[in-house]
Amino acid sequence: MRHVRSAAAALGLLALAACGAGEDGPIYLGLAGPISQPNGRSFRLAAEMAVDEINRAGGIRGRRLELVQLDDQANPERAIEVATELRDDPRIVAVIGHINSAATIEAAKIYNDEDNGVLQISPASSSPLVTEAGPWTFRVCPSDLQHGPTLASWTYERLGRRRAAVLYANDDYGRGLLDTFSRAFEEAGGTIVARDPFLPSLITSPDALDPYLERAIAAGMDALVVAGQAAEALTILTAARRLGFHGPVLGADGITNLRDAGEIAEGVYITSAFLPDRPTERAQKFVRDYVARYEELPDHRGAMAYDAIHLVARALAEVGTDRRTLRDHIARVGSELPAYEGVSGTIIFDENGDVAGKDVAVGIVRQGRILTAS
């Protein structure tokens, strides 16, 4: 629920936001996501690397860029609290986040405040519902309208599978991927033999989803799609193999961290808007710098957080720190203003704040890495 303010209070907050920390002080960006969890690690590390690079190059017109990091725990209710704190902090000129679609959608209700809006750029929230989140909300990742059909085409055309089962997290992300995959797979001529929801918090034992998997196997499942996050995907994958299913397992970018699960994850297919072997000079420099700094590979969340921060830094250098002016400038990227060429590809925003024309690649897990599948 939006906070109700007097006109005088709203004007006062906007004036403070326009001033930031003073004309000579640091410029502050919010960083909001599950920064203490595995799926927030690369997001946080790449954001810190981007800020360090900008500051070493002289900052924003001589002013340092600083991050205010808040952990939303991938929880929509906590995301509302985080968003409220960032929106009401007059130092914050923009927010990079959130990561999980459900958290992003709830937080957007706060950032899209009519009296005190703040620019929100999500690196990795792919639910189609983010499109309708409001004029202050943008994302630099493709939506499930691209991930689902890409997965469906790979399953049907490249793998030759015809009878897929989908186990999906019963949230905005899981339902979105279920819908887009199923529609595209059936249009291609395939059959969805099972559509079963789960609540991640209720998967408390390794055999919790056995009944779903047993029914799908009995129905002739020849491909298994998991629409959720890596932790529950590992439980499902392990159970499917234990029950005798040896066909392909696939998922979208939510299961990226499955790469760290060891031998059980070998051969799992995962769609992503960024893979570490992306064959561009800009992407490979980013990967080399990231590995040199952290001794690990970045994921798509990291690459797109890195791009989002550099994009906002470019805008700040051009138009300053006023929140509305900054939002309006970002909205014109790729139309009235030049596109941004990032490590994850070209960033062009459409009228809904969605990134337009970004590719989705299919990766395969090999020895703890996700490499472009062939």
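Among Ala308, Ala239, Ala303, which is closer than 22 Å to Gly368 by Cβ, buried (at least 22 other Cβ atoms within 10 Å of the Cβ) and at pLDDT 95 or above?
Numbers: Ala308 fails: closer than 22 Å to Gly368 by Cβ; Ala239 fails: buried (at least 22 other Cβ atoms within 10 Å of the Cβ).
On inspection, the qualifying residue turns out to be Ala303.
Spot the failing condition for His246; the list is (1) assigned to a loop (DSSP other than H, G, I, E, B); (2) at pLDDT below 95, and only one is missed.
With (1) assigned to a loop (DSSP other than H, G, I, E, B); (2) at pLDDT below 95 applied to His246, the lone miss is (2).
For the range 152-201, name all the residues that are of a type in the set (A, V, I, L, M, F, W, C), part of a helix (DSSP H, G or I) and over 16 Å from Ile270 (Cβ atoms).
Within the range 152-201, Leu178, Ala184, Phe185, Ala188 meet the criteria.
Applying the selection to the range 245-285, what residues are in contact (Cβ under 8 Å) with a residue 24 or more places away in the chain, closer than 17 Å to Ala164 by Cβ and surrounded by fewer than 21 Cβ atoms within 10 Å (Cβ to Cβ)?
Selection gives Phe245, Gly247, Pro248, Gly267.
Taking the range 129-151 on its own, how many of its residues are in a helix (DSSP H, G or I), surrounded by fewer than 24 Cβ atoms within 10 Å (Cβ to Cβ) and touching a Gly at 6+ places or on another chain (Cβ under 9 Å)?
3
Just for the range 51-103: of the residues that are over 25 Å from Asp328 (Cβ atoms) and basic (Lys, Arg), which one is surrounded by the most Cβ atoms within 10 Å (Cβ to Cβ)?
Arg78
Filter the strands (runs of 3 or more DSSP E) completely within the range 267-374 down to those with at least 1 residues that are of a type in the set (Asp, Glu).
Fully inside the range 267-374 and qualifying: 340-342.
Within the bounds of the range 212-224, is there any residue that is surrounded by 16 or more Cβ atoms within 10 Å (Cβ to Cβ), in contact (Cβ under 8 Å) with a residue 60 or more places away in the chain, assigned to a helix (DSSP H, G or I) and touching a Phe, Trp or Tyr at 6+ places or on another chain (Cβ under 9 Å)?
no
Taking the residues in the range 34-50 that are buried (at least 20 other Cβ atoms within 10 Å of the Cβ) and small (Gly, Ala, Ser) as candidates, determine which candidate is nearest to Val130 (Cα to Cα).
The qualifying residue nearest to Val130 (Cα to Cα) is Gly40.
Give Glu23, Glu48 a once-over and let me know the one that is of a type outside the set (A, V, I, L, M), modelled with pLDDT of 95 or more and in the same structural domain as Ser101 (by TED's automatic domain parsing).
Residue meeting the stated conditions: Glu48.
Which one of these is in contact with a Leu (Cβ under 7 Å, 6 or more places away or on another chain) and either within 28 Å of Pro76 (Cβ to Cβ) or crowded, with 23+ Cβ neighbours inside 10 Å (or both): Ala169, Ala194, Ala230, Ala184?
Testing whether each residue is in contact with a Leu (Cβ under 7 Å, 6 or more places away or on another chain) and either within 28 Å of Pro76 (Cβ to Cβ) or crowded, with 23+ Cβ neighbours inside 10 Å (or both) leaves just Ala230.
Considering (1) in contact with an Asp or Glu (Cβ under 8 Å, 6 or more places away or on another chain); (2) part of a loop (DSSP other than H, G, I, E, B), say which one Gln73 fails and leave the rest.
(1)
Got a number for residues in the range 113-128 being farther than 17 Å from Asp253 by Cβ, in a strand (DSSP E or B) and not polar (S, T, N, Q)?
Kept after step one, since they are farther than 17 Å from Asp253 by Cβ, are these residues of the range 113-128: 113-120.
With the extra rule that they be in a strand (DSSP E or B), the set shrinks to 119-120.
Remaining after also requiring not polar (S, T, N, Q): 119.
Qualifying residue count for the region: 1.
The values are calculated or read from the model by the stated rules, or taken from the named source; none is laboratory data. Note that the structure is predicted; figures quoted are calculated from it, not measured. A quick note on method: Cβ atoms are made from the backbone with ideal geometry, for glycine too, and the neighbour counts reach across all protein chains shown.
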